[in-house]
Each structure stands twice: as structure tokens, then as C-alpha cells.
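Asker: Sharing a structure with you now.
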Amino acid sequence: MRDTDTPAPQTIHLGDYAPVPVTVTHVDLSFRLDPLATRVHARLTCERRGPGEMVLDGEGLKALRVTLDGAEISPVIDGDRMTIADAPDAFLLETEVEIAPERNLALSGLYMSNGMYCTQCEAEGFRRITWMLDRPDVMATYDVEIDADLPVLLSNGDLVGDMTEGHAKWHDPWPKPTYLFALVAGHLVPTTHSFTTIEDRAVELNVWVRPGDEGRTAYALDALERSMAWDEKVYGRAYDLSVFNIVAVDDFNMGAMENKGLNIFNSRCVLASPETATDSDYANIERIVAHEYFHNWTGNRITCRDWFQLCLKEGLTVFRDQQFMADARSAAVQRIGDVLTLRARQFREDAGPLAHPVRPESFVEINNFYTATIYEKGAEVIGMLRRIVGSDGYAKGCALYFEQHDGDAATIEDWLACFEEACDVDLTQFKLWYTQAGTPRIGVTEHFASGVWRLELTQDVPPTPGQPEKAPMAIPLAFGALDDGGAEVLETRVHVLGTATEVLEFEMDARPVLSMLRGFSAPVILDHDQSDADRLVLLAHDTDPFARWEAGRALAKDRLMRAVSEGRYFDAAWLDALAALATDGAADPAFRALALALPSEDDLAGSLHAAGVVPDPDAIYAIRRRAQLAIAERLGPDLDALREAMRVPGAYDPSAEDAGKRAFDATLLRLRTMTDGGTAARAAYDAADNMTDRMAAFTCLLEAGDETVAGRFEADWKDDRLVMDKWFMAQIAHAAPRDAVGTAERLTTHPDYDAGNPNRFRAVVGGLSAGNPAGFHTPDGRGYGFVADRLIELDRANPQTAARMSTAFETWRRWDADRQDLMRAALERMRDGATSRDLIEMTTRMLGD
Ligand code: ARG
Ligand code: ZN
């Protein structure tokens, strides 16, 4: 039970924002590092900005001494707040505290990972290091001195003097909020490159890793250099310090963190070698390196006034990393991948009890709002803005934003005002994208008569928690049309739907085939009852690659949903179309892989639920398998020849082109395994000379029930943490549903299972809750029990990761009454067993009471 003495968590409201009465302009820190007794001495240069008390944040600090202008004082310390009542106009506040990094299992603040010291301060970790105004609108320059018996001592900014063994001093000239502070100390080795900026500044680039991992840094460095050049070319933004450091850390709650001049990465998101990383790992590393680098301007130079503005930096930076990836790889494949992610994570979130606007209005724990809505939908909002004002308008608006707000802690209003001014548009209605939650549904009805083609468009934004009524939004719909032979008769145009119902008319010789929502021009759900014949035309001929893929997806989804709810089978026309695509040698293999992939189990469950059908996880699992078998049988003799054509000669290269071939080959191998019981996969496993091919074969063999492959894999890779994460996860995610919980339980007793490492925890617990839906949702509720128990346990040490992974239960209202009861009970148990604000808020919101 929850301790009844702990005060109920406070809700913070956007409307209550007020600037600080006393600010800090410079921070001088000195650290004497020790695992159990680190001394932190802080000297804060403070200035009064208005009337009121100075209230500093501190959490779990052992306060040793506080002085104001050199005189010892005894301020009121009430829990996590220290109040300085009568602060003068300008003064120096000094504090000394003691902290124990080794006992910091929350991985927030200063902690230890594999013998090295590191920090994670976003959002509110700095207060676990020392007393400070721990909020983003307080921006200060920093001087940091570190003493420790370790060879490498890093912090933000530029090194002052030398890094002698045991001592280093860093100066960061760029004013920054606390959340961008970082410190790293340990036995680390660098891989170094140099980069000269467009402004002719020489920059040293380092990727720091534990000895032994040096062979896995090349790709991240390469991605970093390309990101730097891209941001100069596309956004006119250059780097602004003499050094840019990246550090790989094994125990990390998230992907990576954009600390000024000292990015810290989860090792999974930075280390790669052909033998240990898959093509998706490489792509992920490229994207995250770019993302964190791009934050230097969108996040660091211009930061957020308060945490409600989180999407100001995150949505924009995701949009920028998506643009970068589209330029670096195939734009079409990138866009389809981005939409898949958005639908898998954000649409699911938007349809459930955790739905919230891109700019939320209140929160209890800000760490719970690093969500798909803030990040992915936030990026879509930027994309829509760009579509509405055009690429030139977008460039002008961005230029004005950088010019006007450099050095500011800004708001969404500031951002939008730049576009209103630069592009002379009124964005009042567009701003609803930031304030209204929920995925809009767009209805499309077509009529053709006497040479006039009529499109009737409707929009409806569903109610979400706290927002029963919605106003019509400004929704950019890109569309075009083909004739029934597949020739384009209407080129792409954008209509901004701004009211509940609108009618568009075109003069046409014959009824055309509508290609709606090209490029996925808005994050909406389309209700368009399009015929199979039309969809087949689009799948074969659409000039817009996204729309082409989407037509195939609609055909597949329609069939799978009907197979589940009406017991229908798969028709020859559909299978023929898939076979035509698969064997179309002119089509990009990566695109063919995407076109042959079926909608996920979660996607189908969500869509069935939205259509008023109670989804059955077992039926969904079975139907997908049956569809795969039908496709495999249809491709039959072509499969081996197609695989042969995907063979990549020569040494492994993570390029998009080779990766596309490997992805399609993996798709084909999975189909082959449906009909040969694993013979081809066994050969592929033995022949694999890179982790991409090896994992593809490994997961096929697990699905085929191969009893020995897990042991062989383990024998080969037991000493490699990142590869073993894959091993843990794959065995659970690719187990038969009835075996999934048992496998997960068994793996938690494996000597290498370590709940304290978020990657390992995610591999096992997420391997079940996200990786094996039918296994998680077995009717006996064992999956729910297993996940709830692990989360309650983890919550005591690491609330952030526990709370984040609790979203496995956000779909609970989707299922049948028995499963709903079981999931609700698990949620209640977690709520009552939770000790953190994080998990209490999440479970309470999910329960909806
Ligand atoms: N700002 C980091 C990034 O997007 C992520 C930080 C996540 N922080 C958190 N408390 N969940 O790159
Ligand atoms: Zn970010």
C-alpha cells in the first residue's frame, strides 16, 4: 500500500507559469567524485529580477553548508525546496552537499554505470546533484571543476587547460538551463575526428567508449559529421564550441541526451559493428546522432520556457532528423517508416486514456510526457506547417526564429509568431494542433456525374480525456488522381480542410481513382470506402510512393480484419498484386519489403476496436500467420529466386541500398520458413556474416520452434551485452504465444538478467508486453501479472523506466470483459504498489479515475 503520509503528488499547470523573482546567471561547480560520498560545491551568481522569495530545488541531498556572500546562513529547507527569504539584489549563494552516485539506481542526476560516473539531468535530474533553480527558463554560464582518480573527466563546453590525470576544468560560455548540464568521468577511450565549420571553426569530435568498444564508433562519428554539414547547408546552423563529445553509457533510461557539447548516449544507440549491430541499429544510430546534434540549435541555443513547451524542441528536432534521414537515405522508405512509427505509438496513445495534446496543459511528473505525441505528432505538426506555408516560407520562418530567439527560453507562441510574420499567415486555427488531443478522422465520399467529380470531405476530432468537445482544425490534405489505367490525371495539390464539411469539384472525362493523403500530409485517420479495384490501381501505379504503399496496406488490413471478424479467406486478386510487387525487379527492395509486411497485431487490434469489433489477440495472431502462409504459397517457387537476387556481394555496408536488399531478403526468408519448417533459415543462420542476416535467420528459427539455435547464439555472444539484449528479447517476442510468459519468466532467472539495466529490462519485459501481443494477452492473465510484478519492483529503483513501460496497459479498454477485468486489476495493483509519482500518475491516468 502507498504510504498515506506522503503528500498527494502536485499537479503543475501551464497557466500558472511565472518567471523567477531571483535568477542565476553563472554557475561555478566543483566535484570531488566518490561512489558513496561525492562532494558538490556550488557557487551561484544570483540576480534579483522582481519581488519574491528565491526557492531552490534539491532532492535527496545531504546539505553540508550554505553561505550567502560568504556568510553562513540557515535557510528553510522543506522537503525538496530551500527558501531564501530576503535575498539581496545581487549576491553569491554557495552550497556544499554530499551525494552517493553509486546508490543512484534511478539513473537520474549523477550516477554510476559500469564503474564510470555519468549524468542525466533532463528533465529534473539536476536537483539530485545540487541546490539550484532547476527549470529551463533559468539560463546560466558554467565553470566546472572535477577531481577524481580517473583519467577522463568531461563536462560541457570547452576544456580549460589540460585534462591532467585526476583533475579537469571546463568552461561553457553558452548560457544554458540545468537540464543540459553533464559530467562524465571514467576509464574511457576516444575515437577522434576533426571538422571545420562553415564559419571556419575547427572542432574536435570525439566518441568516448569503454576500452574494447573502439571498433564500434566509426559509424556514429560519420553520422555526426554528416549531421553537422547538413545543418549548415539546410538550416544555416553551425556548431559553436571547439569540441563536441559523445559518450556511450550502458545504463541509460532513454536513447540519448543533447547536453551542450557533451552528448550522452545509451550504448545501444551509438555503438555499431557489422558483427554486432543490425541495419535497423545502424539507421537508429544515424538518426539519434543527428537528432541530438540538431538539438544544439533547436533545444540548446533556443530552449523551452517551461516543460509544457517540450514539443518546441522535440517535435522540431524529430522533424529535422526525419528530413536528414530522408536526404541521407530513400525519402519514400523513410516516410513510410515514420508513418508506421507514428501509427504504432502515437495513434495508439491518442486513442486511449493517456491521450494528451502536443502541448499539454498540466502534468504531475514531466518525465511521463516524453511521449510519442510530443515527439512524433509534434514532428507531424511541423511538417504540416511547412506544407501550409511552403518550403520557402518555412525557411524564412525558421531563419526569423533563430534570429529573434537565439539565447531565449521560448514558447510555441514565439515559434508560430515567426511564421505569421515571415509568411504573412494567420495560424490561429492551426494552433489547435498544439492544444487539441485526439487523431482527427477524415471522411471522404466521392461522386461522379456528367463530367463532374465531387469530393465530400468531413472532419471529426474524437473526445479525449479532459476534452469532450473539439473545434474543427486546419488539416492539409494532399491528393491527386489517376485514371483507371494508372495514368495521373490530377497532380498533387493541397487542400487545407478548415471546417467540418467541405465539397471540392473537378471537371473530368471519366471517374478517376482518388489518391488521398499523399505523403501522409496530416496525422489523421482516413475513412474512405475505396473499392479494391481502385486500390489495386494505386498500388500498381500511384506516383506518390507513400500513397502507393498505403493502398497496399489498406487492402491487407481490410482482408485481415474481415478474416478475423467474418472468417473470410484471402482472395487471388490480392495475392496476385502482392506477387506482382514482390517480383517487380524495378521496385526498390526496401519498398517491396514494406509492401509485403502485414499490419501489426497491435494495429489490427486497434483498428478492430475502432470499428466496433472486440479484438481477439489469438485470432489476430493466427490470421496473420495464415496470411503469411497464403503469401508464401502464392510466391512459392519464386521465393528462392527472389532471395538469390537480393544477395549482397562483398563486405557488409550499412548503406540504405544494401540494407534494403537485406530487409527484403529477411521478409522472404520469413515466408520461406512458413513452408519449409526452417531449412532455409538454418542455412541462412550458418552462412550469416553480419548481425542483420543472423538476427533475421535467428528469429525465423525461433518461430519455427528450433530447439538448439538459442543455445548456439548464446555460446557465440554471451559476453556481448548489446547482442545479448537481442537474444533475450527475440526468444520472448518470437515464442509461440502460449510459451511467451514462460520464456520471459525463465529468462528473468538467467544469470545475465539484470533488471537494473534498462536495456535488459526492456528486452525481457518489453519483449513480452510489446513484442508478443498474443503472449501478453493470454486469457489466463499471466502476462499481465508478470509485467505488473516486474514494474512494481522496478519502480522502487527506477521510476522513469517503470512508468514508461506501464503504457503496455494503455489499451485495456479495447479488449473483452474478462481481459479488461484482468488488466484493470493489474493496473490497480500497480497503482497501489507504486512508490513513485511517475508510476502513480501513469496508472491513475490509465484507470481514468
Ligand atoms: N532530450 C532527449 C532527446 O530527445 C530525451 C530526454 C528524455 N528525458 C526524459 N526524462 N525522459 O533526445
Ligand atoms: Zn530530443
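No value in this document is a laboratory result; all are computed from the given coordinates. This structure is a prediction, so every number in the text was calculated from the model and none was measured. Here the Cβ positions follow ideal geometry from the backbone for every residue, glycine too, while neighbour counts run over all protein chains shown.
Asker: For a quick check: with amide H placed at 1.01 Å from N, whose amide H comes under 5 Å from Gly848's, ignoring anything fewer than 5 positions away on the same chain?
Answerer: none
Asker: Related question: Read phi for every residue in the range 27-36 and hand back ³J(HN,Hα) as whole Hz from Karplus 6.51 cos²θ - 1.76 cosθ + 1.60, θ = phi - 60°, with x for Gly and Pro.
Answerer: Listing the rounded values in order: 10, 10, 10, 10, 10, 10, 7, 7, x, 10 Hz.
Asker: Rounded to the nearest 0.05, what FRET efficiency do Val189 and Asp406 have when you use their Cβ-Cβ distance and R0 = 35 Å?
Answerer: Computed FRET efficiency for Val189 and Asp406: 0.50.
Asker: What does the C-alpha gyration tensor say about the overall shape of the range 414-554? Classify as rounded when a/c is under 1.5, otherwise prolate if a/b is larger than b/c, or oblate.
Answerer: Here the range 414-554 falls in the prolate category.
Asker: Pop the C-beta distance of Thr11 and Leu64 into the FRET formula with R0 = 35 Å and round what comes out to the nearest 0.05.
Answerer: 0.60
Asker: Tabulate in residue order the Karplus-calculated ³J(HN,Hα) for the range 598-613, using 6.51 cos²θ - 1.76 cosθ + 1.60 with θ = phi - 60°, rounded to whole Hz; enter x for Gly and Pro.
Answerer: Ordered by residue, 3J(HN,Hα) equals 8, x, 5, 4, 5, 4, 5, 4, x, 5, 4, 4, 5, 8, x, 9 Hz.
Asker: How large is ³J(HN,Hα), in whole Hz, for each residue of the range 298-305 in order, when computed from phi with the Karplus curve 6.51 cos²θ - 1.76 cosθ + 1.60 and θ = phi - 60°, using x for Gly and Pro?
Answerer: Result, rounded to whole Hz: 9, x, 9, 4, 10, 10, 9, 5.
Asker: What list of whole percents do you get for P(r) of the range 396-484, with Cα-Cα distances grouped in 10 Å bins up to the one holding the largest distance?
Answerer: Answer for the range 396-484: a P(r) of 13, 30, 27, 22, 7, 1, 0 percent.
Asker: Also, quick follow-up: Ala229 to Ala622: extension gain in nm, 0.36 nm per residue of separation minus the Cα-Cα distance?
Answerer: Details: separation 393, 0.36 × 393 = 141.48 nm, distance 4.81 nm.
Between Ala229 and Ala622, full extension yields an extra 136.7 nm.
Asker: From the residues Gly466, Ala290, Val207, which one has its Cα farthest along the dipole of the chain in the positive direction, the dipole being from +1 and -1 charges on Cβ of Lys/Arg and Asp/Glu about the Cα centre?
Answerer: Gly466
Asker: Net charge near Pro88, counting Lys/Arg +1 and Asp/Glu -1 over other residues with Cβ under 15 Å of its Cβ?
Answerer: Numbers: positive: Arg48, Arg49; negative: Glu47, Glu53, Asp69, Asp86, Asp89, Glu94.
Every neighbour counted, the sum reads -4.
Asker: Go from 0 up to the bin containing the longest alpha carbon distance in the range 777-843, width 10 Å each, and give me the % of pairs per bin.
Answerer: Over the range 777-843, the share of Cα pairs per 10 Å bin runs 24, 56, 19, 1 percent.
Asker: Can you check what the net charge comes to around Leu427, using other residues whose Cβ is under 15 Å from the Cβ of Leu427 (Lys, Arg +1; Asp, Glu -1)?
Answerer: Computed value for this residue: -1.
Asker: Amide H neighbours of Ile302 under 5 Å, at least 5 residues apart or on other chains, H built in the peptide plane: list them.
Answerer: Those qualifying (amide H under 5 Å, at least 5 residues apart or on another chain) are Gly407.
Asker: Can you compute the helix-only [θ] at 222 nm over the chain? Use -39500 (n - 2.57) per DSSP H run of at least 4 residues, normalise by all residues, nearest 500 deg cm²/dmol.
Answerer: -12500 deg cm²/dmol
Asker: At 0.36 nm per residue, and after removing the present C-alpha to C-alpha distance, how many nm does the segment from Val503 to Ala326 gain when stretched out fully?
Answerer: Length difference between fully extended and current span is 60.4 nm.
Asker: Cα-based Rg of the chain per 2.2 N^0.38 Å, rounded to two decimals?
Answerer: Rg over 2.2 N^0.38 Å, computed on Cα atoms: 0.96.
Asker: Taking the simple approach of a point 7 Å from Cα along Cα-to-Cβ for both Val160 and Ala399, what is their distance in nm?
Answerer: Reported label-point gap for Val160 and Ala399 is 3.8 nm.
Asker: Another one. Can you give me the distance in nm between label points at Glu199 and Asp719, each placed 7 Å from the Cα along the Cα-to-Cβ direction?
Answerer: 4.6 nm
Asker: Something else now. Want the number for Ala533 to Ser242: 0.36 nm per residue separation, take away the alpha-carbon distance, what's left?
Answerer: Extending this stretch completely gives an extra 98.8 nm.
Asker: What is the order of Asp392, Asp86, fewest Cβ neighbours within 10 Å to most?
Answerer: Least to most surrounded, the residues fall as Asp86, Asp392.
Asker: So, one more: Please report, in debye to the nearest 20, how large the charge dipole of the chain is about its Cα centre when each Lys and Arg carries +1 at its beta carbon and each Asp and Glu carries -1 there.
Answerer: 1400 debye
Asker: Let me ask another. Pull up all non-local amide H partners of Ser521: gap of 5 or more, or a different chain, and H-to-H distance under 5 Å with H placed in the peptide plane.
Answerer: Ala478
Asker: What is the calculated FRET efficiency for Glu53 to Asp571, with r their C-beta to C-beta distance and R₀ = 51 Å, to the nearest 0.05?
Answerer: Approximately 0.10, to the nearest 0.05.
Asker: Check cross-link reach from Lys313 to the lysines: straight Cα distance under 30 Å, and skip same-chain residues fewer than eight apart.
Answerer: Leaving aside lysines fewer than 8 places away in the same chain, those within reach of Lys313 are Lys169, Lys176, Lys233, Lys260, Lys377, Lys396, Lys431, Lys470.
Asker: With unit charges on the beta carbons (Lys and Arg positive, Asp and Glu negative) and the dipole taken about the Cα centre of the chain, which residue among Ile129, Ala238, Trp812 sits farthest to the positive side?
Answerer: Among Ile129, Ala238, Trp812, the one farthest towards the positive end of the dipole of the chain is Trp812.
Asker: Would you work out if the range 578-721 is rounded, prolate or oblate? Take a ≥ b ≥ c from the square roots of the eigenvalues of the alpha-carbon gyration tensor; rounded if a/c is under 1.5, else prolate when a/b is larger than b/c, oblate otherwise. Could you put the intermediate results ahead of the total?
Answerer: On the way: a/c = 1.74, a/b = 1.26, b/c = 1.38.
Note, shape of the range 578-721 comes out oblate.
Asker: Could you check the spin-label model distance between Arg712 and Phe448? Points 7 Å from the Cα along Cα→Cβ, value in nm.
Answerer: With each label placed 7 Å out from Cα toward Cβ, I get 5.5 nm.
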